[in-house]
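Data block below; observations after.
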Amino acid sequence: MCIRAYLLLQTLKNTPQETIDAILEKPGIVTADLVDGLPNLIMVIEAEKREELAGHITQVLDSVEFTVQDLRFFIGRESHQPLLTTAAALK
């Protein structure tokens, strides 16, 4: 089973692209995207075990500590039901 962390970051005014560049080099990063509004950056980190995920998150936070002024994150587990099946069931 895969465990995911969704990190929402608010970067300092002039650093969003620099922050993404630093993040994409780290292990476990699935995606990092700029978004409109605040927080202005969202990323997904994946690992097989919680301990591994914690290590990946720590590496990311160490690499962005001087470019981020707010951080929120959520931990989730991979669903075994495809999203399209779930959406179809709601109709």
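Averaged over all directions, how much area does the convex hull of the C-alpha atoms of segment 1-70 cover when projected, in nm²? Mind dumping the intermediate values first?
Working: hull surface 16.9 nm².
Taking a quarter of the hull surface, the average projection is 4.2 nm².
For segment 33-79, the square roots of the Cα gyration tensor eigenvalues, ordered a ≥ b ≥ c, give a/c of at least 1.5 with a/b no greater than b/c, which places it in the oblate category.
Bear in mind these aren't lab numbers, they're just calculated from the coordinates by the rules spelled out. Computed from a predicted structure; not experimentally measured.
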